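Structure first, then comments.
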Amino acid sequence: STQSRSSAASDVYKRQTPYHVTIACLILLMGLTSCHRESPNPPVNLLIIYPDQMRGQAMGFLGLEHVKTPHLDQFASQSLVLNQAVSNYPICSPTRASFMTGQYPQSHGVWSNCNSLSSPFNYELPTDAQCWSDVLKEKGYDTGYIGKWHLDNPRVPYIDVKNNQGRVKWNEWTPPDRRHGFDFWYAYGTYDYHNRPMYWSNEAPRDSFHFVDQWGPEHETDLAIAYLKNKENKFRDANKPFALMVSMNPPHMPYDLVPEKYKSLYDQVPLDSLVQFPNIPDEGTKWGDYYRKNIKNYYAMISGVDDQLGRIMATLKSQGLEKNTLVLFASDHGNCLGIHDEISKNNHYEESMRIPFLIRWPEHIQPRIDDLLISTPDFAPTLLGLMGFHEDIPPGTDGTDYSNLFLTGDGERPNSQLFMSVNVGKEALGARGVRTHRYTLMIQKDLDKQDQVELFDNQKDPFQLNNLSEKQIEIRKTLTKELEGWLVKTKDPWL
Ligand code: CA
């Protein structure tokens with residue numbers, strides 16, 4: 001009987017062998033298609049183009065605004081376009097810190113813009129933050145940063161340049177130990193004179209910045225092109241993969257600082273055709289006139305940025321880098337330009353929150369438009385995931401790695417995006433909200449004042465003219481509950 005049991009066991013073993021093989025094959029197949037992807041071989045390069053204050057609606061191919069973006073239109077046809085991407089906290093520093101760290105402001109601590117008003121509260125990117133650039137550096141990448149950084153507090157004595165001469169000081173040098181893994185550095189904190197920008201290059205000490213007599217995006221693109229061409233290995237180690245971020249200031253104000261060749265693209269466009277949206281205030285009002293005064297130059301700036309995108313993409317192609325470079329085009333926030341009587345951003349309206357998000361990786365990411373509710377903290381983990389570094393996503397990351405969804409179209413999708421806005425030193429107050437595919441809810445909390453609530457049905461009312469907060473009580477309740485989920489998740493003191 002022992003023999004027969006042994007023989008039976010052996011039979012079972014034999015029968016199980018193909019079963020194990022099947023499981024192994026299944027795991028292998030799953031690995032190929034989903035969570036256990038290998039790092040791409042050769043490693044993929046990363047290139048990020050990140051203009052400032054470019055609203056997501058202002059791209060020609062979307063057909064929403066009469067803005068001329070031929071290069072973006074072509075780029076979009078080769079990219080995954082996330083047409084519901086938003087900035088959670090639509091101002092510079094909090095969002096830039098969220099991009100670098102994959103965290104919400106509640107985690108990275110950049111609760112407002114870095115400037116002399118907020119510096120006593122220490123709102124700047126922590127030196128020990130784990131940024132995507134730190135990870136890539138550790139993984140053997142050569143890393144470069146060109147343009148606006150705006151993640152350091154201005155220090156005394158303030159650097160004696162424009163942007164530091166008003167009541168509030170903005171600009172600061174980034175010391176090498178605060179550059180988060182970037183090998184090549186050509187940047188500034190905040191400096192808005194686009195026709196004569198200033199920079200600190202790699203080795204320049206704090207007092208050795210220089211000025212350039214060229215439009216900022218054009219100059220930065222010249223440098224990005226030189227970095228990509230890398231003649232005589234002057235810019236990077238040609239044996240390593242690279243990651244380069246080009247952070248352009250336009251279309252940030254002042255809007256008139258844009259070359260004539262881009263302004264002239266709109267000379268023949270009737271102004272009336274650019275002011276058709278019902279949420280643009282009337283002519284003769286302060287913000288209605290502001291919109292009319294600036295919209296052509298705003299579009300001219302976007303066309304200028306678009307031109308630079310074209311130059312960079314042409315260089316990738318001529319250098320044989322086009323296929324093996326992941327290219328992301330996005331912005332830190334949008335721009336109301338007077339819509340809803342708002343000068344620019346820092347509010348929950350669509351023009352302020354919505355940002356471009358286009359990502360291109362030939363033969364890996366299928367070109368398409370997708371309404372995924374992505375927001376800024378998701379960028380870093382998703383990029384690291386796409387590049388094969390799932391295991392290296394820093395443990396403090398709040399955002400979601402959507403790389404699998406980008407590559408396959410499948411995966412869990414969020415129901416909403418968080419919105420927030422904080423006054424300096426008042427982290428437990430200010431505005432919080434959520435945006436879903438259909439609705440935007442915003443609750444403004446101040447001391448000694450009733451909460452101000454706005455609720456919009458963005459499908460029925462895309463220009464957000466009808467506040468439903470007192471009419472749609474059930475929807476308001478549901479969305480408030482959704483918001484609470486975010487506030488618990490982010491350990492927000494506002495709750
Ligand atoms: Ca900005």
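The values are calculated or read from the model by the stated rules, or taken from the named source; none is laboratory data. In this text the structure is predicted, and so the values were computed from the model without any measurement. For neighbour counting, all protein chains shown are included, and Cβ atoms are generated from backbone atoms with ideal geometry for every residue, glycine included. Only protein heavy atoms, including side chains, enter the accessible area calculation; ligands, DNA and RNA are left aside. Shrake-Rupley method; radii C 1.70, N 1.55, O 1.52, S 1.80 Å.
Details
- Unique residue being of a type in the set (Ser, Thr, Tyr) and without any contact (Cβ under 8 Å) to a residue 40 or more places away in the chain when the list is THR478, THR440, THR436, THR490: THR478
- Any hit, the range 203-211, residues being surrounded by 20 or more Cβ atoms within 10 Å (Cβ to Cβ), modelled with pLDDT of 95 or more and of a type outside the set (Ser, Thr, Tyr): no
- Subset of the range 282-313 [under 23 Å from the mean Cα position of the chain (by Cα) and either within 16 Å of the ligand (Cβ to nearest atom) or surrounded by fewer than 18 Cβ atoms within 10 Å (Cβ to Cβ) (or both)]: TYR298, MET301, ILE302, VAL305, GLY310, ARG311
- Selection status of LYS323, in a helix (DSSP H, G or I), open to solvent by 50 Å² or more (accessible area, probe 1.4 Å) and more than 18 Å from MET59 (Cβ to Cβ): no
- Annotation note: of LYS137, LYS162, LYS169, the sole residue that is in contact with a Gly (Cβ under 6 Å, 6 or more places away or on another chain), open to solvent by 10 Å² or more (accessible area, probe 1.4 Å) and either assigned to a loop (DSSP other than H, G, I, E, B) or in contact (Cβ under 8 Å) with a residue 40 or more places away in the chain (or both) is LYS137.
- Strands (runs of 3 or more DSSP E) wholly inside the range 407-495 containing at least 2 residues that are of a type in the set (Gly, Ala, Ser): 430-435
- Conditions (1) closer than 20 Å to LYS491 by Cβ; (2) out of contact with any Pro (no Cβ under 6 Å at 6 or more places or on another chain); (3) touching a residue at least 12 places away in the same chain (Cβ under 8 Å); number of the one not met by ASP128: (3)
- Test: residue in the range 124-131 that is open to solvent by less than 10 Å² (accessible area, probe 1.4 Å) and either part of a loop (DSSP other than H, G, I, E, B) or over 27 Å from ASN230 (Cβ atoms) (or both): yes
- Neighbours by Cβ (under 8 Å, 6+ apart or cross-chain): first from the range 49-67, without any contact (Cβ under 8 Å) to a residue 12 or more places away in the chain; second within 16 Å of the ligand (Cβ to nearest atom): LEU64/ALA58
- Within the range 326-361, restricting attention to residues that are buried (at least 23 other Cβ atoms within 10 Å of the Cβ) and more than 18 Å from the chain's Cα centre (by Cα), the residue that is nearest to the ligand (Cβ to nearest atom) is LEU337.
- Residues that are part of a loop (DSSP other than H, G, I, E, B), modelled with pLDDT under 95 and either within 16 Å of the ligand (Cβ to nearest atom) or open to solvent by 10 Å² or more (accessible area, probe 1.4 Å) (or both) do occur in the range 42-55, at least one of them.
- Flag set for SER98, criterion: under 16 Å from the mean Cα position of the chain (by Cα) and outside any strand (DSSP E or B).
- ALA238, sole failed condition from (1) open to solvent by 30 Å² or more (accessible area, probe 1.4 Å); (2) out of contact with any Asp or Glu (no Cβ under 9 Å at 6 or more places or on another chain): (2)
- Summed over the range 100-123, the residues that are crowded, with 24+ Cβ neighbours inside 10 Å and closer than 16 Å to GLY396 by Cα give a count of 8.
- Subset of the range 450-472 that is among the aliphatic types (A, V, I, L, M) and open to solvent by less than 80 Å² (accessible area, probe 1.4 Å) - its residue that is nearest to the chain's Cα centre (by Cα): LEU455
- Within the set PRO259, PRO250, the sole residue that is surrounded by 12 or more Cβ atoms within 10 Å (Cβ to Cβ), under 21 Å from the mean Cα position of the chain (by Cα) and within 25 Å of ASN195 (Cα to Cα) turns out to be PRO250.
- Number of positions in the range 221-277 that are away from the ligand (no atom under 16 Å from the Cβ), outside any helix (DSSP H, G or I), small (Gly, Ala, Ser) and out of contact with any helix residue (DSSP H, G or I) (no Cβ under 7 Å at 6 or more places or on another chain): 1
- Per-region count, the range 417-444, residues charged (D, E, K, R) and open to solvent by less than 50 Å² (accessible area, probe 1.4 Å): 3
- Any pair with Cβ under 6 angstrom, 6 or more apart, that starts in the range 87-115 at a residue that is away from the ligand (no atom under 12 Å from the Cβ) and ends at one that is basic (Lys, Arg): GLN106/LYS491
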